Amino acid sequence: MLFRSWAQTTDARWPDVARVADHVGVEHLVVTRHALVREVLTDPVTYRPDNALDAVTPIPVAALRVLAGHRFRLPPTLANNGGASHPQIRAIVAEALHPTRVAAQRPWLTGLVRERLTAIGAALDAGAPVDLYAELAADLPLLVLARLVELPDAPVGAVKEFARAALELFWAPLDADRQAALAAEVGRFHRVLREFAETGGGLAGSLRAAGHPPDVVVGALFFLLVAGQETTSQFLTLLLHRLAGEPAVLAGLRGGTVAVADVVEEGLRLEPPIVTWRRVAAVDATLGATAVPAGTSIVLWLARAGRDPAAVEAPDEFRPGQRGSRRHLAFGAGAHRCVGDQLARMEAAVVVGETAPLLDGVTVVREPWCPDNLTFRMPDAFVVQRR
Ligand code: HEM
C-alpha cells in the first residue's frame, strides 16, 4: 500500500491509524484522518520533522560511497530541520518567494503559456497527439523558479533528471544497482550545487551573509530544486488529466460560473502531488486511540486526509468551492507548511485558466502513469488528441 497509496484513497477499510510494514520490514504508523494528520503536523515537539528526507530504502554502502565521493550531505535545513536554525533559513527562503514577487511573474508566465498553447493547439488541429506533461507542465515551474531564485546555470533537462532521481533515491523501493545509478546522478548535480553555493548570489548569497555554512546553502538549494518545481509539474499534469474527465467543471470555467482558484484548491485536495509526508515521534505519545512509542515513523496520508468526510462535504467529487474544499493538507501545516504554496497556486491558476478551453475538445490517448513511490506521484506523460 505504502508505495501506491494514491490508488487507495477511497478504500473505506482503512482505520484512523494503521501499522504498516514497508518492503524492508520497517513499521510505519499510517495516519488517515484529517484531524489526526493536522494534529501531528502542528505539534513539532511531539512529532519532529527529522526523518522528512530519510531514504525509505536504506542506501547500501556502495551507493553511499558514490554520494560521499561527491561530498553529498543533507544537513537539517528546511523540511528536515526541527532545530533552532529553521525559522531563520525559512524566513530567507520565504522572502525570495514573497507573494508580491510571485504575483509579478504572472504576466510573464501567462505569455509563455499562451505561446505554448498556440503551438499545442496547432498540433492538435493537425490531428497529432500531444503530451501535455512534456510540452507544458514539465519545465514551466522550473522556468518560473529560476526567475525568482538565482540558480546554477544548468540545462533544464539536467535539473529535471537530477530532481526525479532524488525523488526516486529517497522515496522509492529500489534495488542496489538502481540505488548506485541514482546516487551517481544525484551526487553529480549536488557537486554543481556545492560550487554554486560558494559564490552564487540571490538566495545563496543571502544565506551565506546570514552566516549559514555551505552545507546549509547547498541543502536549501537542493530542496528548492526538488520540491520547488517537480511537485508543481506533477500537480499540473495530474490536475489537467483530472479536468479532462470533468466536463461539468470545464463548462463552468467556460461559462464563468466556476472560479479558477476554486478548481486549483479542489485539485490540490483530490490530486495532491505529495500523497504522504513523514514525521517521527520524539517522545511516547497517543494519537487518537493508538499508542505511539518514541522513534516511530509516522506516515501522514495527506491525499486521504483531503477526502475525509469529516472535513469535506462530498469527499470524492470534484466540486470547486464546496464546503471543506480548501481545508486540504496538500501543503502540510504548522511550522513547516509549504513556503511555495502561493507560487504553486499562481502557476496552477495560470495553466488551468489558459488550458481549460483546449481540454474541452480532446480525448485522452495516454493517462499519466506513476511509478511506485512513498510520497511523490511523478506522472510520466499525459497524451491527448483532438476528438
Ligand atoms: C503543488 C505544489 C506543491 C505541493 C503540493 C507542496 C507540498 C509541500 C509539503 C506537503 C511540504 C511539507 C509541509 C510540512 O511538513 O508541513 C512542503 C514543504 C516545503 N515546500 Fe512545498 N509544495 C509544492 C510546491 C512548492 C514550491 C513551488 C516551492 C518553492 C519554490 C516549495 C517549497 C517548499 C519548502 C521550502 C518547504 C519546506 C518548508 C519548511 O520546512 O519550512 N514547495 N511542500
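The values are calculated or read from the model by the stated rules, or taken from the named source; none is laboratory data. Note that the coordinates shown come from a computational prediction; the quantities given were computed from them, not determined experimentally. For neighbour counting, all protein chains shown are included, and Cβ atoms are generated from backbone atoms with ideal geometry for every residue, glycine included. For the accessible areas, the whole protein counts, side chains as well, though only heavy atoms, and no ligand, DNA or RNA atoms are used. Shrake-Rupley method; radii C 1.70, N 1.55, O 1.52, S 1.80 Å.
Some observations on this one:
- For the chain, a Gaussian network of Cα nodes joined below 10 Å ranks Pro368, Pro272, Pro309 by mean-square fluctuation, and the top entry is Pro309.
- Measuring nothing but how far apart in sequence close Cα pairs (under 8 Å, 6+ apart) lie, relative to its length, the chain scores a relative contact order of 28 percent.
- Evaluated over the range 285-355, the Cα radius of gyration and Dmax, each in Å: 15.6, 49
- MRE, 222 nm, helices only [DSSP H, n ≥ 4, -39500 (n - 2.57), over the chain, to nearest 500]: -14500 deg cm²/dmol
- Spread of Cα-to-Cα distances over 5 Å intervals beginning at zero, given as percent, for the range 254-387: 2, 9, 14, 18, 20, 16, 10, 5, 3, 2, 1, 0
- Exposure ranking of Ile298, Ile274 by accessible area [1.4 Å probe, largest first]: Ile274, Ile298
- Note on the range 229-272: Kirkwood radius taken over Cα pairs, Stokes-Einstein applied at 37 °C and 0.692 mPa s, translational D equal to 308 µm² s⁻¹.
- According to the Cα-based calculation, Rg over Rh for the chain is 0.95, with Rh computed by the Kirkwood formula.
- Projected label distance in nm at Val283 and Gln88, using a 7 Å step from Cα toward the beta-carbon: 2.7
- Three semi-axes of the equivalent ellipsoid, the range 82-219, Cα gyration tensor, whole Å, largest first: 31, 24, 12
- Cα centroid separation - the range 79-151 against the range 299-377, whole Å: 16
- Net charge dipole, the chain: roughly 420 debye, given to the nearest 20, about the Cα centre with Cβ charges of +1 for Lys and Arg and -1 for Asp and Glu.
- 4 °C / 1.567 mPa s Stokes-Einstein diffusion coefficient of the range 133-184, Kirkwood radius on C-alpha pairs, µm²/s: 104
- Note: relative contact order over the range 162-277, using C-alpha pairs below 8 Å and six or more positions apart, is 22 percent.
- Cα coordinate range in the range 149-259, projected on the principal axes (Å, largest first): 52, 39, 22
- When both bridge partners sit in the chain, DSSP labels roughly 85% of those beta bridges antiparallel.
- With the highest mean first, a sort of the peptides 372-378, 247-253 on other beta-carbon atoms found within 10 angstrom per residue produces 372-378, 247-253.
- GNM flexibility winner over the chain from Asp308, Asp215, Asp11 (Cα, springs under 10 Å): Asp11
- Using a cutoff of 8 angstrom between alpha carbon atoms and counting only pairs six or more residues apart, the relative contact order for the range 252-384 works out to 27 percent.
- Percentage of interatomic Cα-Cα distances in the range 1-133 larger than 21 Å: 69
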